[in-house]
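The values are calculated or read from the model by the stated rules, or taken from the named source; none is laboratory data. Treat the numbers as computed from the prediction; the structure is a model and nothing was measured. Using ideal geometry, Cβ is built from the backbone for each residue, glycine included, and neighbour counts are taken over all protein chains shown.
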Amino acid sequence: MDIEIITNLLAMYWHIFLLFFVVAILYSSVGFGGGSSYLAILALTGIVFTQIRFISLLCNIAVVSLNVFHFQKQQLYDWKKVIPILSFSIPLAFIGGYIEVNKNIFFILLGFTLFMASLVMWFNKKIVSKRINTSHINLSKNSSYAGIIGFISGMIGIGGGIFLAPLLHLRQWDTPKRIAATASLFILLNSISGILGYSFNSDVSVEWDLAIMLIMVVLAGSFLGNRISQQFLSPIQIKKGTAILIAFVSIRILLKNFLI
């Protein structure tokens, strides 16, 4: 990448790079990709809306890849339970990513999705269980819910882990660590599937220099977040603060698009 291009991008989008870096640090510390916050940041900039989903999903992939590698080394995946969830969500995330969405409708859907995500993050600690209740483990139901989340995730441009993890906690699906691991893998594969679906759309247009720099930023943030962020803030504090930010952005997006 040309030095002049890098300089120009830094001058134009320095605030976006800084926010993406902070988001990657915070989200990587609690096992999420940050797609909802990346979308929130991009939605309030002048970046062409057709790029927003693509860039958000790319950054998701960059952040959670490190988490998935870390979780796999700890052997936290129960594949008999994980595969049914992924088998429904991945193809539906592809379909969601492929669907063309009108700009105004996209931002209205994004606003509602971000608002729901903020509520989920705020109340998440109230539904975490430390035990497994096998009577609540229904593969068909879990797979159906995961499929719906995958479809919405692909269409909006998030990985879906922010919705899947609380759902699995509520259903006492497994231990908190295994749920965090599954949510990271869910985000990774749904993001890849969503991008593939989006790539088949004829209207795809991406400013690759900007996308690559943002990926580098979130990778650095994720690497740092996995090591130092929890020394300063607890996961609950991070979630609460992020929930407030996302709620504020979602309300701004909804007001702006409903008033058009």
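A compact table of results
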{"quantity": "Hits in the range 99-122 (condition: more than 17 Å from the chain's Cα centre (by Cα) and buried (at least 17 other Cβ atoms within 10 Å of the Cβ))", "calculated": "Val101, Ile108"}
{"quantity": "Qualifying position, being without any contact (Cβ under 8 Å) to a residue 24 or more places away in the chain and of a type outside the set (Lys, Arg), among Ala43, Ala11, Ala93, Ala62", "calculated": "Ala11"}
{"quantity": "Filter pass, Gln72 being assigned to a helix (DSSP H, G or I) and under 16 Å from Val206 (Cβ atoms)", "calculated": "no"}
{"quantity": "Residue within the range 72-90 that is hydroxyl-bearing (Ser, Thr, Tyr), surrounded by fewer than 21 Cβ atoms within 10 Å (Cβ to Cβ), modelled with pLDDT under 85 and out of contact with any strand residue (DSSP E or B) (no Cβ under 6 Å at 6 or more places or on another chain) present", "calculated": "no"}
{"quantity": "Members of the range 75-90 that are without any contact (Cβ under 8 Å) to a residue 12 or more places away in the chain and not in a helix (DSSP H, G or I)", "calculated": "Gln75"}
{"quantity": "Pick from the range 91-107, criterion modelled with pLDDT under 85 and either in contact with a His (Cβ under 9 Å, 6 or more places away or on another chain) or part of a helix (DSSP H, G or I) (or both), ranking: nearest to Ala43 (Cα to Cα)", "calculated": "Phe107"}
{"quantity": "Where Cys59 falls short, out of the listed (1) among the hydrophobic types (A, V, I, L, M, F, W, C); (2) farther than 21 Å from Ala243 by Cβ; (3) touching a Phe, Trp or Tyr at 6+ places or on another chain (Cβ under 6 Å)", "calculated": "(2)"}
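Condition check ((1) in contact with a strand residue (DSSP E or B) (Cβ under 9 Å, 6 or more places away or on another chain); (2) modelled with pLDDT of 85 or more; (3) surrounded by fewer than 24 Cβ atoms within 10 Å (Cβ to Cβ)) across all residues:
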position	(1), (2), (3)
Ile162	no, no, no
Ala165	no, no, no
Gln172	no, no, yes
Pro176	no, no, yes
Ile179	no, yes, no
Ser184	no, yes, no
Ser191	no, yes, no
Gly197	no, yes, yes
Asp203	no, no, yes
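Conditions (1) under 18 Å from Phe94 (Cα atoms); (2) in contact with a helix residue (DSSP H, G or I) (Cβ under 7 Å, 6 or more places away or on another chain), marked per residue:
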position	(1), (2)
Tyr145	yes, yes
Ile152	yes, yes
Gly161	yes, yes
Leu168	no, yes
Thr175	no, no
Thr182	no, yes
Phe186	yes, yes
